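These notes concern the structure reproduced below.
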Amino acid sequence: MAQSHKLSLTTATFINLNVMLGSGIFINSILLAQKAGILGAFTYIIVGILILPLILSMSKLMSIHSEGGFYAYGQQEINPFFGFVSSWSYVVGKLASAVIMTQIAVLLLQSVIIPLRIIPASFLNCLITLLFLSLNLLDTKSNSAIQTAFFWMKTIPIASAIIAGIYLFSPQHLAFEPTDLSGFIIALPLVFFALSGFEAACAISGHIENPTINGPKSLLYSYGLVMFLTTAFQFSLYAGLGTVLEQLPDYRFLFPALVTTIFPAAAGLNKLIIAFLHTAIALSALGGSYSVLFSNNWNVYTLAKNNHLLASKKIIQFNAYHVPYYCVLIEGAIYVLFLIISHGNQLPLQQIAAFGPTISYGISALAAWYAVQRKALNLHPMIPVLAIGSCLLLGSATVYSLIVDGMNSLLLFGALFSIGVAMFVYKKPTI
């Protein structure tokens, strides 16, 4: 790829931020308060520490595999089948998360824009996705501007919540009950899933300027900033609203509670502010979905480039903007399939979105361990071991949720996974 098509460090960081700061920070706000009270904010710090070995392992892998991606880690450190499974699992799982984010945005926009309520949410979801897929066919410069715009839009509700929480701050809200400790443990998986997205840097690292240096930097910079913002966001909310936050039904009632507490007698103004903030949240969710689609098509491209997909030679063709347009179309097909089968239901999509990337994380952690063993990676041996442990914990929590909530989502993932494996076997690569 010519240098003019490369992503800058800033753009790569914005892409990571857009994926990580999707809808999870807002969805978790009420749940964490209900489960752990004031301690909910600190779950981000705890989970951040737990998955730090995985972050460090993947950042180091990026430095020795400049072409990047889950495929490269599994294929070069273990064998091609592990590389394929890692990349294909991520493609499938992450597209499910894109459907969730777009669906949340649609529901929020329908709550703000009354005429939209007569249009089915799934139909609006398809229209928005069609627009996003079309935009992903544009040149890198255009996509960089879109990524930057989405990032700054999502800072509006996050910054507003932090400022409002500081304004309403009361020391009485910082007390916690001993029962918060049990809820604190239950809340950990919620945060673990919400913080996923850092791996977007792996999918695009081969398309970043000076990837050996800027790839790991974009990963670490975005992860550090997200950790700070999510912790500050949750802490400020509870410091400002206290137990009122625990009593709210869900995230859609968060900003109405903040705004009416600050402006109790300004009903008209409140309505406008709430509509503006809900629109900003919707746009932030759309930014996350757009970034997933943008980064994930390069995973599809990598698999086709290594001749693991049917019609691989055709799939790797570029358009005038040096974008693999067939990869974008494949993404769109899987996305629409998820939307049709799930009808936008968040639970099965969330389970798939957690299960797919977990497989990729685990294989990447194992690849890091192999690289350390052959002295190719300058990393303490315990770091990839701890990373593997983190992945096992996440995988166990995901499997448990699949067992408790039903196996339909696992069957859907399994069907798509099997299609991928069948293509891999049919192409008969050398393992």
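The values are calculated or read from the model by the stated rules, or taken from the named source; none is laboratory data. Keep in mind that this is a model prediction, so the values were computed, not measured. Note that each Cβ is placed from the backbone with ideal geometry, even for glycine, and that neighbours are counted across all protein chains shown.
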Would you mind stating whether A159 is in a helix (DSSP H, G or I) and modelled with pLDDT of 90 or more? yes
Tell me yes or no: at least one residue of the stretch 295-308 is in contact with a Leu (Cβ under 8 Å, 6 or more places away or on another chain), in a helix (DSSP H, G or I) and surrounded by fewer than 24 Cβ atoms within 10 Å (Cβ to Cβ). no
Which pairs have Cβ atoms under 6 Å, sit 6 or more apart or on different chains, and link a residue in the stretch 34-47 that is under 11 Å from M227 (Cβ atoms) to one that is part of a helix (DSSP H, G or I) and among the polar types (S, T, N, Q)? Y44/T230; Y44/T231; I45/T231
Within the stretch 48-81, can you find the residues that are in contact (Cβ under 8 Å) with a residue 12 or more places away in the chain and either farther than 29 Å from E209 by Cβ or among the charged types (D, E, K, R) (or both)? L50, K60, E67, E77, N79, F81
Among the residues of the stretch 228-242, is there at least one that is surrounded by fewer than 16 Cβ atoms within 10 Å (Cβ to Cβ) and either over 24 Å from the mean Cα position of the chain (by Cα) or at pLDDT 85 or above (or both)? yes
What pairs come up if the first residue lies in the stretch 374-398 and is under 19 Å from S63 (Cβ atoms), the second is among the polar types (S, T, N, Q) and buried (at least 16 other Cβ atoms within 10 Å of the Cβ), and their beta carbons are under 7 Å apart, counting only those six or more places apart or on different chains? L379/S57; I383/S57; P384/S57; A387/S57
Please tell me if I78 is out of contact with any strand residue (DSSP E or B) (no Cβ under 9 Å at 6 or more places or on another chain) and crowded, with 21+ Cβ neighbours inside 10 Å. no
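Listed here are the residues, each with its yes/no results for (1) touching an Asp or Glu at 6+ places or on another chain (Cβ under 8 Å); (2) closer than 26 Å to I64 by Cβ; (3) surrounded by fewer than 20 Cβ atoms within 10 Å (Cβ to Cβ).
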{"residue": "L337", "(1), (2), (3)": "no, no, yes"}
{"residue": "Q346", "(1), (2), (3)": "no, no, yes"}
{"residue": "T358", "(1), (2), (3)": "no, yes, no"}
{"residue": "A371", "(1), (2), (3)": "yes, yes, no"}
{"residue": "P381", "(1), (2), (3)": "no, yes, yes"}
{"residue": "Y400", "(1), (2), (3)": "no, no, yes"}
{"residue": "L412", "(1), (2), (3)": "no, no, no"}
